Amino acid sequence: MTNRHAALPRGARMDRRLFLRGVGGATAGLAAATALSGCGTGTSRAAAGSGGKGSKTLVVRNSGGSYGDANQQAIYEPFTKETGIQVKVVNIQYAQMLAQIKQGRPEFDVIDDSMADFVLFHKESATEELDHDRLKNFKKAGIAENLVTTNAVGKNYWASVMAYRTDAFGGKKPSSWADFWDTKAFPGNRALQALDADLPELEFALLADGVPLDKLYPLDVDRAFKVLSEIKSHVRKFWDTGALPGVLLGRKEVDASSVWHGRLDALIKGGAPLAYGWNGARRQSNALGIPKGAANLDAAYRLIDFSLRPEVQAAYAELYPMAPSVPAAYKKLKPATAENLASSPAHLKNGFDLDVEWWIKNQDAVSKRWQEWTHA
């Protein structure tokens, strides 16, 4: 798997496209939807049949894979059935999206992307300022303030969490990042995320050192690297793909690892002695917005509004382990599903939202220091 950062603009790595292209176990439940997904790179505006006022086709950009299949089954198909508006999908990335918008000819009407990319789009004046009065479901959705910006509305969450083998540590269960760092009480090898996968996990080091959840930002970078150095000799691997933590844990090469939530679900269902620890989960989010120059503005608002219905959010979460941004969706979820999502009430209280603005500002400096630290 290639390094996905090389061609990405500053900040764009935070959308975790590798994660969105296939959480372990999600694909199996979406096999029926795959044939209907309509996903593919390079779908032209003409081929999509959209472009003018009153068009019956809407083009949405998402990242494809099983994430896109879940969108198709839980959102796009029900939307088409209700409105008669067909939904086509393109899977292009940030740089290509921005180039099309700058040229005044975006081939898409709705953007489904990370909140980090929407911050970058805003800086480029590339997206519409949303008129929330056109989103009737938004008014009663109760979406967290940090997931609502002038150009985007939060759609769902994902999280980085701690994972561990339940047959390790003499039956004791690590319950915090402090436990993860405590190799005397919880002896064994560890794994942490590499820069090639996503942003360095400085927050976990600070939590292990006693920094409260609500005092994390601005991150004390010097303190974080000092704490990381304390565990470095126990880190067997800095993993660079979302599947690797499960492999390392499954082979007993490590006893605990950071992991993208959802990646172990298939292994756990298959009987592997693995579990997640939700304390100190680092949440990120995807959002919906509209590019400048969108050809089907009214239909774009209608799809975004449809996506914020509690029952639609719940249907999506049942298919794919990304958590609803609309709290009322939890009343419509199966209990077993609800308790394993990043925005459940208990997990919201015990985790934190990544500060996108801080990371965009400091990402280059932290990445340089990380590379120097890992090679020291």
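Any chance region 271-281 includes a residue that's open to solvent by 10 Å² or more (accessible area, probe 1.4 Å), among the aliphatic types (A, V, I, L, M) and assigned to a helix (DSSP H, G or I)? For region 271-281, residues open to solvent by 10 Å² or more (accessible area, probe 1.4 Å), among the aliphatic types (A, V, I, L, M) and assigned to a helix (DSSP H, G or I): absent. What residue, among those in region 180-235 that are of a type in the set (Gly, Ala, Ser) and open to solvent by 20 Å² or more (accessible area, probe 1.4 Å), is nearest to ARG165 (Cα to Cα)? Per the criteria, the residue is GLY188.
What residue, among those in region 38-79 that are of a type in the set (S, T, N, Q), open to solvent by 40 Å² or more (accessible area, probe 1.4 Å) and within 22 Å of the chain's Cα centre (by Cα), is modelled with the highest pLDDT?
Once the filter is applied, the top-ranked residue is GLN73.
Among the residues of region 221-237, are any under 20 Å from ILE360 (Cα atoms), aliphatic (A, V, I, L, M) and touching a helix residue (DSSP H, G or I) at 6+ places or on another chain (Cβ under 8 Å)? Looking for residues that are under 20 Å from ILE360 (Cα atoms), aliphatic (A, V, I, L, M) and touching a helix residue (DSSP H, G or I) at 6+ places or on another chain (Cβ under 8 Å), one finds at least one in region 221-237, hence yes.
Return yes or no: is ARG369 over 16 Å from the mean Cα position of the chain (by Cα), of a type in the set (Lys, Arg), open to solvent by 30 Å² or more (accessible area, probe 1.4 Å) and closer than 30 Å to LYS88 by Cβ? So ARG369 does not fit the description; no. Here is a check on your reading of the model: is ASP222 under 21 Å from LYS349 (Cβ atoms), assigned to a helix (DSSP H, G or I) and not aliphatic (A, V, I, L, M)? No. Filtered by the rule that a residue be in a loop (DSSP other than H, G, I, E, B) and either touching a residue at least 40 places away in the same chain (Cβ under 8 Å) or in contact with a Pro (Cβ under 7 Å, 6 or more places away or on another chain) (or both), region 352-376 gives LEU354, ASP355. Return yes or no: is LYS349 at pLDDT below 95 and among the charged types (D, E, K, R)? Taking the combined requirement at face value, the residue satisfies it.
Residue-wise test of (1) open to solvent by 30 Å² or more (accessible area, probe 1.4 Å); (2) closer than 22 Å to ASP69 by Cβ.
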| residue | (1), (2) |
| --- | --- |
| VAL90 | no, yes |
| ARG105 | yes, no |
| ASP113 | no, yes |
| THR127 | no, no |
| LEU130 | no, no |
| PHE138 | yes, no |
| ASN146 | yes, no |
| THR149 | yes, no |
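All conditions in (1) over 25 Å from LYS88 (Cα atoms); (2) open to solvent by less than 10 Å² (accessible area, probe 1.4 Å); (3) not aromatic (Phe, Trp, Tyr) hold for ASP117, with the sole exception of (1). Among the criteria (1) surrounded by fewer than 24 Cβ atoms within 10 Å (Cβ to Cβ); (2) touching a Lys or Arg at 6+ places or on another chain (Cβ under 7 Å), the one SER160 does not fulfil is (1). Considering only region 110-118, I want to know if a residue exists there that is touching a residue at least 24 places away in the same chain (Cβ under 8 Å) and more than 22 Å from the chain's Cα centre (by Cα). Checked region 110-118: no residue is touching a residue at least 24 places away in the same chain (Cβ under 8 Å) and more than 22 Å from the chain's Cα centre (by Cα).
Tell me, please, whether a residue that is at pLDDT 95 or above, under 24 Å from LEU202 (Cα atoms) and of a type in the set (A, V, I, L, M, F, W, C) can be found in region 120-143. Yes, region 120-143 contains at least one residue that is at pLDDT 95 or above, under 24 Å from LEU202 (Cα atoms) and of a type in the set (A, V, I, L, M, F, W, C). Among the residues of region 163-177, just one is open to solvent by 60 Å² or more (accessible area, probe 1.4 Å) and not in a loop (DSSP other than H, G, I, E, B), namely GLY170.
Note on region 311-358: among residues that are touching a Lys or Arg at 6+ places or on another chain (Cβ under 6 Å) and open to solvent by 30 Å² or more (accessible area, probe 1.4 Å), the one that is farthest from LEU207 (Cα to Cα) is GLU311.
The values are calculated or read from the model by the stated rules, or taken from the named source; none is laboratory data. Small disclaimer: the values here were computed from a predicted structure and weren't measured. So basically every Cβ, Gly included, is an ideal-geometry build from the backbone, and we count neighbours across all protein chains shown. Protein only, heavy atoms only, side chains kept; ligands, DNA and RNA dropped before computing areas. Shrake-Rupley method; radii C 1.70, N 1.55, O 1.52, S 1.80 Å.
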